[in-house]
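Q: Take this structure, written in structure tokens, and hold onto it; I'll ask about it next.
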Amino acid sequence: MSQKIAFECPVYKKCGGCQLLHMDYQVQLNHKKGQVAKLLKPYGKLEKMIGMEQPMHYRYKVHAAFGRDRKGNIISGTYKEGTHQIVPVENCLLENEKADAIIQTIRKLLKSFKIKTYDEDTGYGLLRHVLVRVGYQTGQIMVVLVLGSPIMPSKNNFVKALRMEHPEITTVVVNVNDKKTSMVLGEKEQVIYGPGYIEDELCGMIFKISPRSFYQVNPCMAQELYQKAMEYAGISGRETVLDAYCGTGTIGMVAAGKSQKVIGVELSKDAVKDAIAGAKKNKLSNIRFYQADAGDFMEAMAENKERVDVVFMDPPRSGSSEKFLSALVRLKPKRVVYISCNPETLARDLNFLCKKGYQMKKGAAVDMFPFTDDIEAVVLLEN
Ligand code: SAH
């Protein structure tokens, strides 16, 4: 296997963000496809792996922790894995370049505005983290300043100075996190510039992204993934579609334009709220979202003998539950499109479904996170 150095990074291995930087990109793709193919071999074959054309700077959500080094200089970057020790990051190969430039400017401005970084041990100081989210299609940019206490001196001038260097910033939000916690964002928020959210477009749908909303980190590949999922679903316009583990409803919304009716189910209240707002924004009247455990919801649907033609399921890393899968078998949709961020639990769940009458027809691995170990896959099952 060719292992030529693909990219150099001064903090590779220290920061923990990448695991495969030493591998040529094509080798990474082969390596990932091979892993999925091996796990899914008993069930079916994979199509060509979907990789990125430009596998760099794909993270449109960038987070930097702020602090000081031993000499007292302000630093920003990622936490060394498993610690709260900051590894300084200047330019990251995975992160959006504008986001990184904004973080650098903030570091510079802190000095002139005499804003101190927060000290986790003493609770002294102000700025804890900066979160930047960039719209992939729209280019809108949101900056979230996470502070240890609610008052930010000269905040308007700070925004002015920041926007002077980065006029593409469309909104700035102060988030207050005064707790001793490893969570980045706190509960309280104050919009100090712009609308407090950005919008982005994926597969022709518009999505509203607030500081805390879930949105794909790599929107470019999310689009590829959804397109593949739609191709597998083969919706013609008359189907009733279920989007299980729907998050903010992205997959269901993309499917809604092509189906008769879409039902989305998701456990997180906040995500469901965003999903409902998204459906309204996109003027979709044939989609409904429910907050529930997907297993309970499926069981109730099976109990009521409801008809579902296509099921999209996109569970968390732990995979689906036996409750969900058993109810799915009872509901017996013609097609199931399983989107997975963990091929091991995907294989486990396929084992269950393939014993109960489903067959894997197609599958593809998608590289959502180049240079990392993460693998995404999408599989079509038919009854
Ligand atoms: N399909 C979405 C997100 C999938 S991430 C997208 O493409 O953007 C997996 C989602 O499953 C998360 O939103 C998580 O909150 C949700 N989830 C986890 N356990 C669940 C359960 N038991 N029932 C329903 N949803 C669940």
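The values are calculated or read from the model by the stated rules, or taken from the named source; none is laboratory data. Because the structure is a prediction, the values reported are computed rather than measured. Reconstructed Cβ throughout: ideal geometry from the backbone, glycine too, with neighbour counts over all protein chains shown. The accessibility values were calculated without ligands, DNA or RNA, using every heavy atom of the protein model including side chains. Shrake-Rupley method; radii C 1.70, N 1.55, O 1.52, S 1.80 Å.
Q: Have a look at 115, 176, 218 and report the one farthest towards the positive end of the charge dipole of the stretch 102-232, computed about the Cα centre with Cβ charges (Lys/Arg +1, Asp/Glu -1).
A: Farthest along the dipole direction, towards plus: 115.
Q: For the chain, state what percent of all Cα-Cα pairs lands in each successive 10 Å bin, counting from 0 Å until the bin that includes the largest distance.
A: Histogram of Cα-Cα distances, whole percents per bin: 5, 22, 29, 24, 15, 5, 0.
Q: Beyond 21 Å, how much of the Cα-Cα pair distribution for the stretch 61-209 remains, as a whole percent?
A: Pairs farther apart than 21 Å: 41 percent.
Q: Over the chain, with every protein chain in place, what whole percent of the accessible area is carbon and sulfur at 1.4 Å, could you tell me?
A: 50
Q: Note down the net charge around residue 47, summing +1 for each Lys or Arg and -1 for each Asp or Glu among other residues with Cβ under 15 Å from its Cβ.
A: Computed value for this residue: +4.
Q: Going through the stretch 253-312, which GluC sites (Glu not before Pro) have at most 16 other Cβ atoms within 10 Å and a DSSP loop state?
A: 306
Q: Still on this model: Please report the spacing between the Cα centers of the stretch 172-226 and the stretch 27-77 in Å, no decimals.
A: 20
Q: Right, here's the next one. For the stretch 1-67, run through the trypsin sites (Lys or Arg not before Pro) and keep only the ones in DSSP coil with at most 16 other Cβ atoms within 10 Å of their Cβ.
A: On the way: sites: 4, 13, 14, 32, 33, 38, 45, 48, 59, 61; in loops: 4, 13, 14, 45, 48.
Loop-located and lightly packed - 4, 13, 14, 45, 48.
Q: Treating only the Cβ atoms of Lys and Arg (+1) and Asp and Glu (-1) as charged, compute the dipole magnitude of the stretch 61-209 about its Cα centre; round to the nearest 20 debye.
A: 620
Q: Let me ask something else. I'd like the Karplus ³J(HN,Hα) series for the stretch 244-257: coefficients 6.51, -1.76, 1.60, θ = phi - 60°, whole numbers in Hz, and an x wherever there's a Gly or Pro.
A: 9, 6, 7, x, 8, x, 4, 5, x, 5, 5, 6, 4, x
Q: Starting from the Cα of residue 180, step 7 Å along the direction of its Cβ; do the same at residue 35; then give the gap between the two resulting points in nm.
A: Distance between the two pseudo-spin positions: 3.6 nm.
Q: On to the next question. Tell me, what is the per residue accessible area of the stretch 236-383 in Å², probe radius 1.4 Å? Show your work: numbers first, answer last.
A: Working: 6240 Å² over 148 residues.
Using a 1.4 Å probe on heavy atoms only, each residue of the stretch 236-383 averages 42 Å².
Q: Over 20 Å between C-alpha atoms is what I'm after, so list which of 33/98; 71/111; 33/80; 116/180; 273/323; 334/356 land there. All intermediate terms of the calculation are to be shown ahead of the outcome.
A: Values: 33/98 31 Å; 71/111 15 Å; 33/80 29 Å; 116/180 18 Å; 273/323 25 Å; 334/356 13 Å.
Long pairs (Cα-Cα over 20 Å): 33/98; 33/80; 273/323.
Q: So, counting K/R as plus one and D/E as minus one, what does the shell of residues with Cβ under 9 Å around residue 244 add up to?
A: -3
Q: Taking H as built 1.01 Å from N, whose amide H comes closer than 5 Å to the amide H of residue 117, not counting residues under 5 places away?
A: Those lying under 5 Å, H to H, from residue 117 are 126, 127.
Q: Amide H of residue 68 versus every other amide H placed in the peptide plane: which residues, excluding those fewer than 5 positions away on the same chain, fall under 5 Å?
A: 75
Q: Report the trypsin sites (Lys or Arg not before Pro) located in the stretch 100-171 that are in a DSSP loop and have at most 11 other Cβ atoms inside 10 Å of their Cβ, or state none.
A: Hits after loop and neighbour filter: 114.
Q: Something else: Among 298, 183, 313, which one shows the biggest mean-square fluctuation in a GNM of the chain, springs joining Cα atoms closer than 10 Å?
A: In the Gaussian network model the winner is 183.
Q: Ignoring ligands, DNA and RNA, what accessible area per residue does the stretch 61-209 give at 1.4 Å, in Å²?
A: Here the per-residue accessible area is 50 Å².
Q: Let me ask something additional. In the stretch 225-379, if the dipole is taken from +1 on Lys/Arg beta carbons and -1 on Asp/Glu beta carbons about the Cα centre, which of 347, 369, 275 is farthest to the positive end?
A: My answer, from the dipole projection, is 275.
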